[in-house]
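Values in this text are rule-based calculations from the coordinates and carry no lab data. For clarity, every value in this text was computed on a predicted model and none was experimentally measured. Reconstructed Cβ throughout: ideal geometry from the backbone, glycine too, with neighbour counts over all protein chains shown.
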Amino acid sequence: MEIRPAAVALPKDTSHLPQGKYGPIFPRTPACHGFTIIADVKPGHAEVLREYGQTLAKALEADPYLLAPLKLHYLRWVLFDDDTRFMYQGIFDTDFDKYTEDAVALFTKAGVSTSFESLVGFPEDWRTNPEAFVRFVREHQCPSFIEYGEYPYVTADEIKKALRVKAAMSEMLDQLQ
């Protein structure tokens, strides 16, 4: 089976897209689903964001599956414009509505904050008001206009399964030598 790279150009006008609970449901692309959020950082909170990143990295060392419910492929946080702006990029396997609901549930259950609390305009009641969380994300989302996948439409679980099969095959071949 040949896996061919693929790209999809996304429309600027989303009014024709099916509507989910929180707005348009963007189509799954070769990169799966994802979003980019750009927002202003509260004055003096750039270091808080960096520290939160360190805290999250340590939490993932202790529990590598902490973020598993989000079905993430990749997550990137970037501070720019002299630490006054923040960019959050996530690529994941679920649609936008499910991802945001799962994120609110995950952070609420774990009793931890979100990096977004350091962003201007983020709702203080986000734990009990997922609609406000989603509204903030939608208002700060910068949709992509093209997405490319070297291994298109493959889920994170499928990638992990393929890597387990590869490791098992390598081990088997090593034992035959």
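Criterion first (in contact (Cβ under 8 Å) with a residue 12 or more places away in the chain, in contact with a Cys (Cβ under 7 Å, 6 or more places away or on another chain) and not aromatic (Phe, Trp, Tyr)) does His73 satisfy it?
yes
Would you be able to say whether some residue in the stretch 135-153 is over 17 Å from Thr94 (Cα atoms), aromatic (Phe, Trp, Tyr) and assigned to a helix (DSSP H, G or I)?
yes
Given (1) under 10 Å from the mean Cα position of the chain (by Cα); (2) surrounded by fewer than 14 Cβ atoms within 10 Å (Cβ to Cβ), where does Tyr88 come up short, assuming only one miss?
Going through (1) under 10 Å from the mean Cα position of the chain (by Cα); (2) surrounded by fewer than 14 Cβ atoms within 10 Å (Cβ to Cβ) one by one, Tyr88 breaks only (2).
Among Leu70, Leu66, Leu17, Leu119, which is farther than 30 Å from Arg4 by Cβ, touching a strand residue (DSSP E or B) at 6+ places or on another chain (Cβ under 8 Å) and of a type outside the set (Asp, Glu)?
Just a single option satisfies the conditions, and that option is Leu119.
Among the numbered criteria (1) surrounded by 11 or more Cβ atoms within 10 Å (Cβ to Cβ); (2) more than 20 Å from Lys160 (Cα to Cα); (3) over 15 Å from the mean Cα position of the chain (by Cα); (4) not charged (D, E, K, R), which single criterion is violated by Ile38?
With respect to (1) surrounded by 11 or more Cβ atoms within 10 Å (Cβ to Cβ); (2) more than 20 Å from Lys160 (Cα to Cα); (3) over 15 Å from the mean Cα position of the chain (by Cα); (4) not charged (D, E, K, R), Ile38 is out only on (3).
Counting just the residues of the stretch 106-126 that are over 18 Å from the mean Cα position of the chain (by Cα) and in a loop (DSSP other than H, G, I, E, B), which one comes out surrounded by the most Cβ atoms within 10 Å (Cβ to Cβ)?
Step by step, filter the stretch 106-126, then rank; the result is Pro123.
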